[in-house]
Amino acid sequence: MIYNVRIALPNMNKVFALRILFFTLVVFSIFTIYHSKVVQRDYEVFMNPEGPDTSDYFLIESE
Amino acid sequence: MDKEIQSLVCQWDQSSFLFFSDNIWGDFIYYSHLLPSISALIVSIFIFIHTPNNKSSQALLFTGISFTIWSFMDLFLWASESMDLIMFVWSSMIYFEMFVYLGSLYFIYAYINNRFPDFIQNSIIFVLFIPLFLFGHTSLNLTGFDLTNCWREAIEGPLWQNYIYYLEIGIAAWIFFYAGRQYLRVKESKRRREILTVTLGIILFLFSFSIGNIVGSVETDWEIGQIGLFGMPIFLIFIGYAIVRFESFKLKVLAAEALFTASFILLFSLLFIRTIENARVIIIGTLVLFTILGFLLVRNIKREMKQKEEIERLAVKLEEANIRLRQVDKLKSEFVSIASHQLRSPITAISGYASLIREGSYGEVTAKLKVPIERIEQSARMMAESIEDYLNVSRIESGYMKYNKSDFNLTEQAEHICDDLRSEALKRGLILLFKKKIESQGIVNADLGKVQQIIHNLINNSIKYTPKGTITVYVYDNKKNKKIFIDIMDTGIGMNKETLQSIFQKFERGDKANTVNVKGTGLGLYVALKMAEAMGGNITAQSEGEGLGSRFTVELPLAM
């Protein structure tokens with residue numbers, strides 16, 4: 001019985017560990033976003049009446 | 001210019017309770033967010049509460065919660081006047097949008113095969129998320145805040161504009177091809193229709209959700225984008241249909257319940273329409289939905305009424321059959337009882353007279369006559385035993401078997417019976433051993449005569465079915481459980497698994513019974529078990545296989 005448990009655990013653990021790592025990274029990433037946007041206010045404000053140049057991004061039609 | 005000053009210059013309204021402000025100018029915004037998200041939450045929680053261990057209901061709950069969080073974050077973007085928070089929430093939404101797709105992927109895996117994606121598939125998903133972890137907080141996610149003409153909008157970078165939208169299309173395609181392959185594998189037409197319904201629902205939902213977001217992003221007209229959210233109620237209608245029609249998630253929800261829930265959510269959500277002109281459009285949509293659901297409900301009720309009538313008709317028939325069966329059973333028991341009694345008297349006479357003749361009460365018996373007289377006597381005894389078995393079965397089945405309970409020492413009784421039968425065993429060249437290991441006093445409260453009969457019958461059976469070897473009677477107890485056991489072990493012909501399962505049934509005899517020339521009715525073990533059960537005990541049989549002997553265990557409750 002104990003032998004079987006030992007065999008079965010690693011497979012369960014792999015997926016479980018991956019999920020834990022995944023959600024840890026998500027939480028960390030959201031925290032980093034908060035720090036960057038709210039604490040440090042690290043973003044640009046565009047005030048150009050023509051609008052920002054976003055022609056690089058293919059989904060936006062260039063003027 | 002400082003960001004607060006800009007906010008003041010633009011004269012944005014300050015939001016109250018995060019989601020309410022005059023910044024929301026779209027007429028459908030609350031309706032389009034609250035109806036899908038609240039209905040998703042209600043349905044997914046309802047399904048999860050009823051089937052918490054079902055993997056597809058877990059995945060549906062994850063999808064429902066992610067979708068609700070996404071919707072409320074989006075509503076916040078409409079209402080908020082804080083540039084910092086808009087940038088934070090808009091950047092973080094990337095995860096919840098992906099969770100809706102991931103949840104859908106997990107849901108379809110679990111719904112079809114009751115399993116989640118394996119380690120390799122999970123690893124692929126993990127790798128696809130790495131760019132989000134690395135660049136989520138950078139300008140690749142949101143390039144900046146567009147304050148031109150006081151618009152309160154973030155400018156989406158390549159992570160949103162390119163990567164995420166392609167990823168969404170990729171996951172939708174993954175779902176489509178996986179479900180398609182599984183659909184083709186399934187042979188049963190009902191299950192096929194079920195898979196088709198749910199897959200179609202989820203594909204329509206993801207399609208409208210993607211299109212809504214992509215159109216909103218490309219056209220930067222986020223009000224048009226809100227239409228995509230209505231994919232969720234459509235998906236829920238498909239799920240509801242699957243539950244009512246196919247009893248998905250093993251849930252038995254009637255169409256009436258589904259219609260009531262849907263109508264409640266729809267009517268409740270009408271409260272969030274801002275102008276009365278728009279109510280007309282919503283009511284038309286609601287009316288169409290009501291018509292479809294109402295039609296399904298009426299059809300469902302008709303079908304259920306038909307089924308109910310059919311069940312009632314069958315119940316009446318079954319009751320009649322049951323009464324007839326009881327009458328026949330009573331007649332049978334009466335017949336067996338009368339016939340057995342009628343037979344018993346002449347048999348006793350035959351046996352008695354044969355015995356008297358053999359003993360010389362009617363004059364000298366020649367050696368030539370002795371053998372047939374003995375045969376008559378033996379046959380009469382066997383017949384009397386058979387009749388007694390039939391009578392016992394008749395008494396047990398009619399509930400007339402009487403048990404005169406008293407306290408007695410079971411170990412002593414078992415030992416006496418062994419002593420009585422030892423000579424019989426020796427005649428056949430068998431050794432009959434008696435062993436005991438008793439911690440209690442070994443007293444039971446039971447019918448002495450019937451317990452003797454049970455032990456006698458079991459040892460006798462072992463003698464009959466053991467051509468050579470030993471029979472061991474072992475008495476032991478378990479003080480903790482207040483039980484006493486008698487094991488009757490032999491080295492006889494044994495039994496296979498099939499025989500073991502049916503040995504206690506009426507008219508059942510061991511497969512090899514005839515090979516050792518044993519005659520019997522096949523009622524002995526049945527009668528013994530029923531008697532033991534009536535006295536709060538049990539009898540079990542064990543055998544390693546044919547030719548490997550048998551072990552019968554009698555179990556009775558200890559009185560002290």
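The values are calculated or read from the model by the stated rules, or taken from the named source; none is laboratory data. Everything numeric here is computed off the predicted structure, so don't read it as measured data. Virtual Cβ from ideal backbone geometry, glycine too; neighbours counted across all protein chains shown.
The table that follows gives values for the structure above.
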{"item": "Filtered residues of segment B:114-124 (kept if at the interface with chain A (Cβ under 8 Å from one of its Cβ atoms) and either touching an Asp or Glu at 6+ places or on another chain (Cβ under 6 Å) or part of a helix (DSSP H, G or I) (or both))", "result": "B:Phe119, B:Asn122, B:Ser123"}
{"item": "Within segment B:104-129, tally of residues that are crowded, with 16+ Cβ neighbours inside 10 Å and small (Gly, Ala, Ser)", "result": "2"}
{"item": "Residue among B:Ile108, B:Ile120, B:Ile124, B:Ile130 that is over 40 Å from the mean Cα position of the chain (by Cα) and hydrophobic (A, V, I, L, M, F, W, C)", "result": "B:Ile130"}
{"item": "In segment A:12-43, the residues that are part of a helix (DSSP H, G or I), of a type outside the set (Gly, Ala, Ser) and at the interface with another protein chain (Cβ under 7 Å from one of its Cβ atoms)", "result": "A:Lys14, A:Val15, A:Leu18, A:Phe22, A:Leu25, A:Val26, A:Ile30, A:Thr32, A:Ile33, A:Tyr34, A:Lys37, A:Val38"}
{"item": "Residues (surrounded by fewer than 21 Cβ atoms within 10 Å (Cβ to Cβ), β-branched (Val, Ile, Thr) and outside any strand (DSSP E or B)) located in segment B:521-548", "result": "B:Thr521"}
{"item": "Qualifying positions in segment B:377-430 - aliphatic (A, V, I, L, M) and more than 44 Å from the chain's Cα centre (by Cα)", "result": "B:Ala380, B:Met382, B:Met383, B:Ala384, B:Ile387, B:Ala414, B:Ile417, B:Leu421, B:Ala425, B:Leu426, B:Leu430"}
{"item": "Residue, nearest to B:Gln453 (Cα to Cα), within segment B:387-424, restricted to residues that are modelled with pLDDT under 80 and among the small types (Gly, Ala, Ser)", "result": "B:Ser394"}
{"item": "Selection from segment B:312-338 of residues that are farther than 30 Å from B:Ala384 by Cβ and either in contact with a Cys (Cβ under 9 Å, 6 or more places away or on another chain) or charged (D, E, K, R) (or both)", "result": "B:Glu312, B:Arg313, B:Lys317, B:Glu319, B:Glu320, B:Arg324, B:Arg326"}
{"item": "Members of segment B:25-37 found to be hydrophobic (A, V, I, L, M, F, W, C) and surrounded by fewer than 18 Cβ atoms within 10 Å (Cβ to Cβ), listed by number", "result": "B:Trp25"}
{"item": "Scope segment B:403-445; condition assigned to a loop (DSSP other than H, G, I, E, B), out of contact with any strand residue (DSSP E or B) (no Cβ under 8 Å at 6 or more places or on another chain) and not small (Gly, Ala, Ser); matching residues", "result": "B:Arg428"}
{"item": "Residue tally, condition surrounded by fewer than 21 Cβ atoms within 10 Å (Cβ to Cβ) and more than 13 Å from every other protein chain (Cβ to nearest Cβ), over segment B:56-74", "result": "2"}
{"item": "Those residues of segment B:468-499 which are touching a residue at least 60 places away in the same chain (Cβ under 8 Å) and more than 22 Å from B:Ile417 (Cβ to Cβ), in sequence order", "result": "B:Lys479, B:Lys482"}
{"item": "Test: residue in segment B:178-191 that is within 14 Å of another protein chain (Cβ to nearest Cβ), in contact with a helix residue (DSSP H, G or I) (Cβ under 9 Å, 6 or more places away or on another chain) and crowded, with 16+ Cβ neighbours inside 10 Å", "result": "no"}
{"item": "Test result for B:Ala173, assigned to a strand (DSSP E or B) and more than 7 Å from chain A (Cβ to nearest Cβ)", "result": "no"}
{"item": "Filter result for B:Asn162 (within 11 Å of chain A (Cβ to nearest Cβ) and touching a residue at least 24 places away in the same chain (Cβ under 8 Å))", "result": "no"}
{"item": "Considering residues of segment B:134-148 that are more than 7 Å from chain A (Cβ to nearest Cβ) and under 48 Å from the mean Cα position of the chain (by Cα) only, the residue nearest to A:Val45 (Cα to Cα)", "result": "B:Asn141"}
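The rows are residues; the columns are (1) at pLDDT 75 or above; (2) surrounded by 13 or more Cβ atoms within 10 Å (Cβ to Cβ); (3) closer than 21 Å to B:Arg193 by Cβ; (4) among the polar types (S, T, N, Q).
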position: B:Arg245; (1), (2), (3), (4): no, yes, yes, no
position: B:Leu251; (1), (2), (3), (4): no, yes, yes, no
position: B:Ala258; (1), (2), (3), (4): no, yes, yes, no
position: B:Leu266; (1), (2), (3), (4): no, yes, no, no
position: B:Asn278; (1), (2), (3), (4): no, yes, no, yes
position: B:Glu334; (1), (2), (3), (4): yes, no, no, no
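Listed here are the residues, each with its yes/no results for (1) among the aliphatic types (A, V, I, L, M); (2) touching a helix residue (DSSP H, G or I) at 6+ places or on another chain (Cβ under 8 Å); (3) without any contact (Cβ under 8 Å) to a residue 24 or more places away in the chain.
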position: B:Lys332; (1), (2), (3): no, no, yes
position: B:Val336; (1), (2), (3): yes, yes, no
position: B:Ile347; (1), (2), (3): yes, yes, no
position: B:Tyr353; (1), (2), (3): no, no, yes
position: B:Tyr362; (1), (2), (3): no, yes, yes
position: B:Thr366; (1), (2), (3): no, no, yes
